[in-house]
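Novice: Please see the structure below; I have some questions.
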Amino acid sequence: MKVKGSVVFVTGANRGLGLAFAREAVARGAAKVYAGMRNPDNFNEPGIIPVKLDVNDVDSIAAAARAAPDVTLLVNNAGIAELTQEHFTEHEVEQARRFFETNYFGMIRVTNAFHHALVAGKGAIVNILSDATWKVVPVLSPYSATKAAAWSYTNNIRALLSEKNVQVVGLHVGFLDTDLAKDVDLPKTDPRDVARQAYDVVDAGGSEVLADAGTRAIKSTLSAEVPAYIDPSVV
Ligand SMILES: NC(=O)c1ccc[n+]([C@@H]2O[C@H](COP(=O)([O-])OP(=O)(O)OC[C@H]3O[C@@H](n4cnc5c(N)ncnc54)[C@H](OP(=O)(O)O)[C@@H]3O)[C@@H](O)[C@H]2O)c1
């Protein structure tokens, strides 16, 4: 599908990568851009319609789907992460449950609510994943598991929805210059660049975005005898 003329809904769009996706959709001539967010108070961006949405609250998701019935391009972006310092403890279990609730179940809930509109509009879904899907970083272990699960979900709904002419794109990327990675002192990709790459892939009818060199390097090892998820030093 083409981003130009589409009706876009981005979750977690008040800041970070989600806001970059919403702004880039406006720049590319989307017919309408909805920005889902937990707190729409004081959100004021030209051409972007704020919609109250908490991906962990089914009533709020249903209300958002009613408020935005014409969506043809859904960007499942909302996500949370924290470093995990205490492995092999209940703390890790608590974090994993919390991260799965937002990053995995939240993605499923929102997709379920919008999928009739997407089928009717022969639309597209972009799911924001991570290089953590394949990368071994123990301090991100529960977070990485949510992205691996969301990758699997993405691949399965692609199979289901391709029969209905709905395009499904999975986006993997390493650290971004957003609040989520503000304490990470490593090179980070500009979220605007990620949004541009993702919409290029949507426009081209593609299925996957590997948005930085590190992510492309990790992906390239997956079928090697010693892939990066067994020996991270191969990349
Ligand atoms: N930053 C990175 O290094 C990086 C790398 C790879 C992938 N990603 C992924 O990129 C996506 C966006 O992350 P970001 O870097 O832009 O992070 P961010 O700056 O922390 O923004 C996260 C966004 O998600 C929203 N959110 C969190 N929980 C929500 C919920 N229950 N319901 C609705 N919205 C919720 C936040 O809303 P509030 O303002 O209300 O908290 C915020 O808008 C995430 O899926 C993340 O996993 C990030």
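The values are calculated or read from the model by the stated rules, or taken from the named source; none is laboratory data. These numbers come from a predicted model, not from an experiment. Positions of Cβ are generated from backbone atoms using ideal geometry, with glycine treated the same way; all protein chains shown enter the neighbour counts. For accessibility, only protein heavy atoms count, side chains too; no ligands or nucleic acids. Shrake-Rupley method; radii C 1.70, N 1.55, O 1.52, S 1.80 Å.
Novice: Going down the list K2/K164; K135/K188; K4/K52; K4/K182; K32/K52, which pairs span over 22 Å between their C-alpha atoms?
Specialist: Over 22 Å apart, Cα to Cα: K4/K52; K4/K182.
Novice: Can you give me the % of accessible surface on the chain that is carbon or sulfur? Probe 1.4 Å, all protein chains present, nothing else counted.
Specialist: Summing carbon and sulfur atoms, their accessible area is 53 percent of the total for the chain.
Novice: Using a Gaussian network model of the chain whose springs link C-alpha atoms within less than 10 Å, name the residue from H116, H172, H91 with the highest mean-square fluctuation.
Specialist: Comparing H116, H172, H91 in a Gaussian network model of the chain, the most mobile one is H91.
Novice: Residues of the chain: accessible area per residue at 1.4 Å, in Å²?
Specialist: Per-residue value: 48 Å².
Novice: Using mean Cβ contacts within 10 Å as the protection proxy, how do 136-144, 27-35 order, highest first?
Specialist: 27-35, 136-144
Novice: Could you tell me which of T84, V173, F9 has its Cα farthest along the dipole of the range 7-234 towards the positive end, charges placed at Cβ (Lys, Arg +1; Asp, Glu -1), taken about the Cα centre?
Specialist: Result: F9.
Novice: Using Cα pairs under 8 angstrom and six or more residues apart, how large is the relative contact order of the chain, in percent?
Specialist: Values: 451 pairs, mean separation 44.2, N = 235.
Computed value for the chain: 19 percent relative contact order.
Novice: In addition: Give me the dipole magnitude in Debye, nearest 20, for the chain about the Cα centre, with unit charges on the beta carbon: positive for Lys and Arg, negative for Asp and Glu. Numbers along the way, then the final one.
Specialist: Details: 23 positive and 27 negative charges, 201 e Å.
In debye, rounded to 20, the chain gives about 960.
Novice: In sequence order, what are the phi-derived ³J(HN,Hα) couplings for the range 226-235 according to the Karplus relation 6.51 cos²θ - 1.76 cosθ + 1.60 with θ = phi - 60°, rounded to whole Hz, with x for glycine and proline?
Specialist: Karplus-based 3J(HN,Hα) across the range 226-235 equals 10, x, 4, 6, 9, 10, x, 6, 6, 10 Hz.
Novice: Sorted from largest down, give the three principal axis spans of the alpha carbons of the range 143-235, whole angstrom values.
Specialist: Ordered largest first, the range 143-235 gives principal extents of 43, 35, 23 Å.
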